[in-house]
Amino acid sequence: MTQEKPKARRRSQLALSADRIAEEAMALIDAEGLDGFSFRSLADRLGCKAMSIYYYFPSKQHLFEALVDICIGEIDIPATGSWREKLRAIAFSYRALALRHPGFFLYFCIFRLNNRSGLAYLNRILAVFEETGLPDGERAQRFRTLGYYIMGAGLDESLGYAHGPTAVEPVSPEEARHDFPAIMSVGPYFAKPYHGPTYEAGLDLLLDGIEAAIEHHGRTVAGP
């Protein structure tokens, strides 16, 4: 028995790779959150020593950048279709990413994306906005507005309101129905089965706004 453990450890070490480490790190963070992550806990999951991870990733920041790249790779940016179809696909792919990686999604949202892979990703999305024909300033505004929406919705669904802390003394349903009827009347529609339709409704409002802006810009350019 004493000889099998070193053999198992050597097999685990030989199986280490940057891709495997990143994959296991993502799974660990999604299961336990960013606060519970460390190279030591990752090493336990991998069956190796923490120092072995540093050979592939000199710091946690280097590892997290690899996880950001994984997230970028999972977002679908279609090559064909209208600008509206493309933005819808991006938005729904982004929501799927948030639900798939709830532990890491917050870090992905606040990462500045100022490395080459991040800038290439943003450039591809802004190229879709160029297809609208809107001026630079308005494209920037619409891009930011869509970003606010999909990030906020993603954060809320993946680790926000429904998963957050509750009051020390929450109001009972009976009391809430009596004192806060406006909330309770719509409360059932805040449940999980309605998340997708609500997300789609909000997205369509934003895309309709872009459509209206394009029409207005066309009339402005054409003149009286």
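The values are calculated or read from the model by the stated rules, or taken from the named source; none is laboratory data. As the structure is a computational prediction, the values presented were derived from the model and not from experiment. Note: ideal-geometry Cβ built from the backbone for every residue, glycine included; neighbour counts use all protein chains shown. Note: accessible area is taken over every heavy atom of the protein model, side chains too, but ligands, DNA and RNA are not part of it. Shrake-Rupley method; radii C 1.70, N 1.55, O 1.52, S 1.80 Å.
A few remarks follow.
- Given (1) of a type outside the set (Lys, Arg); (2) open to solvent by 80 Å² or more (accessible area, probe 1.4 Å); (3) in contact with a His (Cβ under 7 Å, 6 or more places away or on another chain), number of the condition GLU130 does not satisfy: (3)
- Residue match in segment 57-65 (condition: exposed (fewer than 14 other Cβ atoms within 10 Å of the Cβ) and hydrophobic (A, V, I, L, M, F, W, C)): no
- Pairing residues of segment 195-224 that are more than 22 Å from ASP156 (Cβ to Cβ) with residues that are open to solvent by less than 80 Å² (accessible area, probe 1.4 Å) and of a type in the set (S, T, N, Q), at Cβ distances under 8 Å and at least 6 apart in sequence or on separate chains, gives ILE210/THR132; ALA213/THR132; ILE214/THR132.
- Unique residue being within 21 Å of the chain's Cα centre (by Cα) and either in a helix (DSSP H, G or I) or among the polar types (S, T, N, Q) (or both) when the list is ILE183, ILE125: ILE125
- Annotation: LEU122 fulfils all but one of (1) of a type outside the set (Lys, Arg); (2) within 30 Å of THR220 (Cα to Cα); (3) loosely packed, with under 14 Cβ neighbours inside 10 Å; the unmet one is (3).
- Residues that are in contact (Cβ under 8 Å) with a residue 40 or more places away in the chain and either in contact with a strand residue (DSSP E or B) (Cβ under 7 Å, 6 or more places away or on another chain) or over 21 Å from LYS192 (Cα atoms) (or both), drawn from segment 127-167: VAL128, PHE129, GLU131, THR132, GLY133, LEU134, PRO135, GLU138, ARG142, THR145, LEU146
A quick yes/no check of all residues on (1) at pLDDT below 90; (2) part of a loop (DSSP other than H, G, I, E, B); (3) within 24 Å of LEU159 (Cβ to Cβ); (4) touching a Pro at 6+ places or on another chain (Cβ under 9 Å):
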position: LYS5; (1), (2), (3), (4): yes, no, no, no
position: ARG9; (1), (2), (3), (4): yes, no, no, no
position: ALA27; (1), (2), (3), (4): no, no, yes, no
position: ASP30; (1), (2), (3), (4): no, no, yes, yes
position: GLY36; (1), (2), (3), (4): yes, yes, yes, no
position: LEU42; (1), (2), (3), (4): no, no, yes, no
position: MET51; (1), (2), (3), (4): no, no, no, no
position: GLU65; (1), (2), (3), (4): no, no, yes, no
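- Checked against (1) open to solvent by 80 Å² or more (accessible area, probe 1.4 Å); (2) not in a loop (DSSP other than H, G, I, E, B), THR80 passes all but a single condition, namely (2).
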